[in-house]
Amino acid sequence: LLGVMFNWWIFGILTAQCYIYRLSFPDDRSRIKVLVYSLLLLETVQTVLSTADAFHWFAFGFGNMDRLAEFFLSNIDTPILGSVVAFVVQLVFCGRIWALGKSKVLSGVITLVRYVHL
């Protein structure tokens, strides 16, 4: 339950960052904007699924200890959505490392590790 509340807190910070991004960089390339807003959408879906899990376990299953052992939606939101978001963000960071340092070897190694980790 604390994890879901923490997730909502972090989601609020992410939403504020996206709003500030929208105000501060209105002339950014559309590719970057689509990336930012699609990641916000994925995080929104993940937060909603985590909240549905919490309701399944703690509200609808109040007093039923067997409900705590059920997965419900947590087998979708945590490993799949979390991995996709982490993968995309780390690839963006890898692109920034390449743009700033012009090191194809370092960027290639980081990208290879990301693909193996996925």
Among the candidates 60, 71, 55, 87, residue that is farther than 20 Å from residue 14 by Cβ and touching a Lys or Arg at 6+ places or on another chain (Cβ under 9 Å): 60
Take region 40-60 and flag every residue that is open to solvent by 100 Å² or more (accessible area, probe 1.4 Å) and closer than 15 Å to residue 85 by Cβ. 41
Unique residue being outside any helix (DSSP H, G or I) and either of a type in the set (Gly, Ala, Ser) or open to solvent by 50 Å² or more (accessible area, probe 1.4 Å) (or both) when the list is 12, 63: 63
Would you say residue 63 is without any contact (Cβ under 8 Å) to a residue 40 or more places away in the chain, within 26 Å of residue 117 (Cα to Cα), small (Gly, Ala, Ser) and out of contact with any His (no Cβ under 7 Å at 6 or more places or on another chain)? no
Filtered residues of region 71-98 (kept if among the small types (Gly, Ala, Ser) and either in contact (Cβ under 8 Å) with a residue 24 or more places away in the chain or open to solvent by 40 Å² or more (accessible area, probe 1.4 Å) (or both)): 74, 82, 83
Going through region 27-44 in order, the residues found to be assigned to a helix (DSSP H, G or I) and of a type in the set (Lys, Arg) are 31, 33
Please indicate, with yes or no, whether at least one residue in region 52-60 is under 20 Å from residue 6 (Cβ atoms), among the acidic types (Asp, Glu) and not in a loop (DSSP other than H, G, I, E, B). yes
Would you call residue 37 open to solvent by 40 Å² or more (accessible area, probe 1.4 Å) and within 24 Å of residue 114 (Cβ to Cβ)? yes
Can you work out which of the residues in region 99-118 that are under 18 Å from residue 87 (Cβ atoms) and of a type in the set (Val, Ile, Thr) is surrounded by the fewest Cβ atoms within 10 Å (Cβ to Cβ)? 116
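The values are calculated or read from the model by the stated rules, or taken from the named source; none is laboratory data. Everything quoted here is computed from the prediction, not taken from an experiment. All Cβ positions, even for glycine, are placed from backbone atoms using ideal geometry, and neighbour counts span all protein chains on display. Quick note on the areas: whole protein, heavy atoms, side chains included, nothing else; ligands and nucleic acids left out. Shrake-Rupley method; radii C 1.70, N 1.55, O 1.52, S 1.80 Å.
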